[in-house]
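Below you'll find the structure, written out as structure tokens, and then a few comments.
Values in this text are rule-based calculations from the coordinates and carry no lab data. Predicted, not measured: the structure shown is a model, and the values here were computed from it. No Cβ is skipped: glycine too gets one built from the backbone with ideal geometry, and neighbour counts run over all protein chains shown.
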Amino acid sequence: MKSPKSFGYGSKKKTAETALVTVVIVWVCMLILMPLYGIVKEACTSGLFSGLISITRPDALHSFYLTLMLTVGAVVVNTFFGIVLAIVLVRQEFKGKLALNGLIDLPFAVSPIVAGFMFITLYGPYGWIGSLFEAHGVKIIYAFPGMMIATLFVTFPFVVREVVPVLREYGVEQEEAAFVLGATKWQTFWKVTLPSIKWGLVYGITLTVARSIGEFGAVMVVSGAIINKTQTATLFTHQQFTNFDYSGAFAAAVVLASVSFITLVIMQYIQKRK
């Protein structure tokens with residue numbers, strides 16, 4: 001009886017695999033590498049010196065600083081509540097748990113621009129909640145608080161979704177053993193639970209950072225993109241491009257792309273450790 005190789009099965013399989021790999025590589029190059037190359041090329045063509053001047057102006061530096069503050073705030077808040085929510089979803093049983101679990105993914109399903117209008121309805125000067133704050137002189141929409149809320153919304157699911165599966169796989173045996181040995185709940189969390197979820201947590205934080213830096217739609221709606229006040233790095237890049245300052249736009253885009261690339265490297269390292 002002849003083997004499959006004698007019928008050319010092996011060579012056909014190898015050819016199909018090579019073709020599949022080639023298609024995937026070409027597709028990735030078209031979607032990711034070529035746009036990145038285009039940004040760097042345009043930044044160099046438009047003038048590195050003029051681009052450097054554009055991104056070191058006070059308004060540009062303020063936009064990068066504001067992006068940094070929003071990112072730090074989103075990481076701190078969503079890391080804390082993400083861990084708490086993950087523990088509740090995995091360790092507790094209660095009515096409405098399924099609905100709560102579904103609501104966590106809402107920021108993935110809702111357009112950021114739609115989310116921005118939702119927040120204007122709630123926290124705007126004439127909104128249900130915003131009017132109460134406006135009466136006491138506290139401005140939310142078109143100010144930093146509104147931008148922070150929008151950033152928290154779009155980055156909310158990442159820590160939860162990375163920590164929940166790790167907690168489920170980890171189980172409760174070691175935590176119960178710590179209780180038996182006399183550890184308090186706080187000691188158990190710091191010495192047993194947190195070390196077990198650290199790589200999932202770091203991966204979720206990395207995704208939160210990347211999403212915060214690149215957020216555009218929701219922040220644009222609730223901020224008003226006021227120069228030197230509520231303009232983030234992505235909004236600055238958009239404004240420079242619409243103002244035909246291509247050197248400044250592409251220079252800012254290169255900075256953001258570089259941060260994204262560094263984030264990608266960190267994510268790959270964390271995935272390897274996981």
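A few notes on this one:
- Peptide ranges 254-264, 234-244, 14-24 listed from the most packed, as the mean C-beta count within 10 angstrom indicates: 234-244, 254-264, 14-24
- Percent breakdown of C-alpha pair distances by 5 Å bin, ordered from the shortest bin, for the range 62-203: 2, 9, 15, 16, 17, 14, 10, 8, 6, 3, 1, 0
- Highest average packing first - 197-210, 170-183, Cβ atoms within 10 Å: 197-210, 170-183
- Between the range 79-153 and the range 206-274, the Cα center-to-center distance that results, in Å: 21
- In a simple Cβ point-charge model (Lys, Arg +1; Asp, Glu -1; nothing else charged), the range 155-216 has a dipole of about 140 debye relative to its Cα centre.
- Charged-residue dipole, Cβ positions (Lys, Arg, Asp, Glu), the chain about Cα centre, Debye nearest 20: 980
- Site pair V23 and F49 shows an inter-label distance of 5.0 nm when each label is modelled 7 Å from Cα along Cα→Cβ.
- Between the residues T15, M220, F179, the greatest Cα displacement towards the positive end of the dipole of the chain, with unit charges on the Cβ of Lys, Arg, Asp and Glu, is found for T15.
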